[in-house]
Amino acid sequence: MAFLSQILVPSSSSVEIFSIIAVIFLSHNVAAVTAATNKTTRAVFTFGDSIMDTGNNDYIISIAKSNFPPYGRDFAGGKPTGRFSNGKVASDFAVKKILPAYLDPKLQLQDLLTGVCFASAGSGYDPLTAKLLSVLSLPDQLDLFKKYKSKITAAVGNERTATILSKSISFLSMGSNDLAIDYFSTPLRSPHYDIPAYTDLMIESASNFLQELHALGLRVIGVICIPPIGCLPAQRTLNGGIKRACYETGNQAATLFNSKLSHLIDSLNERLPEAHLMYLDSYSPALSLIQNPAQYGFEVVDKGCCGTGDLEIGPLCNKDTPGTCNDVSKYIFWDSFHPTEKAYRILTSIIFKGVEI
């Protein structure tokens with residue numbers, strides 16, 4: 001789907017599945033452009049799903065939204081921004097300030113030159129995953145990045161644009177929705193693929209996307225692996241039995257995909273000129289938080305703060321949802337699928353350690 005003004009319309013099946021599991025480009029004068037482009041700050045771009053999305057889904061028609069309370073209650077000003085958390089998400093910790101969503105019509109030139117987010121909550125490597133919730137697929141995100149590149153080229157020229165892109169750092173985080181939603185929570189893929197075959201499908205998509213980004217001028221890309229999705233509160237509820245234990249089949253599938261992803265990154269680094277792709281481990285630190293919560297200042301690991309914490313996510317986590325916790329600092333998860341800002345802060349400090357941003 002070509003995107004910037006195109007609006008995605010959710011199907012009734014999109015709403016049902018989600019419930020179950022629960023630009024304006026502002027011109028600047030020459031002096032302003034020169035000052036902005038002479039900065040040495042490295043541009044940051046993020047792609048992927050809700051782990052990275054800083055509000056792009058606010059500007060499309062989809063059920064996968066979080067631009068309403070209590071989401072964002074601990075963000076600056078207590079404002080819901082479309083981030084699936086009580087505050088910041090991973091993209092915001094990849095820079096020294098918050099990272100704006102590319103579809104935000106209030107973006108200015110300096111925002112574009114220093115980096116933006118192209119991620120879309122609910123997306124995945126599998127094209128069907130994005131289609132389920134009518135969100136931005138990887139091809140859609142790639143199309144937005146091409147539009148972005150055309151805009152800054154028009155503003156600062158080909159040479160400067162090439163420099164900005166080659167010196168930038170990008171992050172991709174995706175795959176949890178493919179496994180947790182598409183494969184394990186619906187009958188759409190599992191009858192046709194076993195787990196090894198499905199993870200191969202995901203890897204092929206990841207490979208194509210990374211090569212496309214490289215062809216467009218990006219050189220330094222950190223690819224975040226899939227966390228232990230079997231320990232998400234929603235997966236505990238749906239597949240963890242009466243004790244709501246971690247769903248080990250889900251964790252094993254994530255581990256298998258992560259192994260293949262690591263090999264893919266090694267292969268692409270050998271084949272693509274000047275490529276510096278990094279495998280960033282989120283599985284181990286996330287599992288450490290869950291298994292050793294007190295070490296990190298947490299108490300609740302198997303439920304989200306919002307509502308019962310068992311299944312609430314998106315529209316099921318709203319200002320009228322009863323039972324939402326008062327002290328979110330005790331919780332690893334904000335809703336049944338996403339970390340709290342505190343958990344994001346801890347995890348990204350580990351995941352991005354050693355990465356020059």
For segment 261-328, listing GluC sites (Glu not before Pro) in a DSSP loop whose Cβ sees at most 10 other Cβ atoms within 10 Å gives Glu274
Taking protein heavy atoms only, a 1.4 Å probe, and rounding to whole percent, the accessible area of the chain owed to carbon and sulfur comes out at 55
accessible surface per residue for the chain, probe 1.4 Å, DNA/RNA/ligands not counted, whole Å² -> 40
Once phi for every residue in segment 123-140 is put through the Karplus expression 6.51 cos²θ - 1.76 cosθ + 1.60 (θ = phi - 60°), the whole-Hz ³J(HN,Hα) values, with Gly and Pro written as x, are 7, x, 5, 6, x, 5, 4, 5, 5, 4, 10, 6, 10, 6, 6, 4, x, 5
Taking the chain and a Cβ-Cβ threshold of 4.7 Å, the cysteines left without a partner are Cys117, Cys225
The size of the Cβ-based charge dipole (Lys, Arg +1; Asp, Glu -1) of segment 32-162 about the Cα centre, to the nearest 20 debye, is 380
Here segment 275-292 yields Karplus 3J(HN,Hα) values (6.51, -1.76, 1.60; θ = phi - 60°; whole Hz; Gly and Pro given as x) of 6, 10, 8, 10, 8, 10, 7, 9, 5, 5, x, 5, 5, 5, 4, 5, 7, 10
Going residue by residue through segment 108-121, the Karplus relation 6.51 cos²θ - 1.76 cosθ + 1.60 with θ = phi - 60° gives ³J(HN,Hα) values, rounded to whole Hz and with x marking Gly or Pro, of 10, 4, 4, 4, 5, 6, 9, x, 8, 9, 10, 5, 9, 4
Taking 0.36 nm per residue of separation between Gln291 and Thr41 and subtracting their Cα-Cα distance, the length gained on full extension comes to 86.3 nm
Non-local residues with an amide H under 5 Å from the amide H of Gly304, with H modelled 1.01 Å from N and Pro and chain starts lacking one, are Gly309, Asp310
For Phe45, other-chain or 5+-apart residues with amide H closer than 5 Å (H placed, Pro excluded) are Ile169, Ser170, Phe171
Violations at 23 Å Cα threshold for listed pairs Lys146/Lys167; Lys65/Lys88; Lys97/Lys353; Lys147/Lys342 -> Lys147/Lys342
Restricted to segment 40-352, the DSSP antiparallel beta bridge percent, nearest 5, is 5
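The values are calculated or read from the model by the stated rules, or taken from the named source; none is laboratory data. Small disclaimer: the values here were computed from a predicted structure and weren't measured. As a convention, Cβ positions derive from the backbone with ideal geometry for all residues, glycine included, and neighbour counts pool all protein chains shown. Keep in mind that these areas ignore ligands, DNA and RNA; they rest on the heavy atoms of the full protein, side chains included. Shrake-Rupley method; radii C 1.70, N 1.55, O 1.52, S 1.80 Å.
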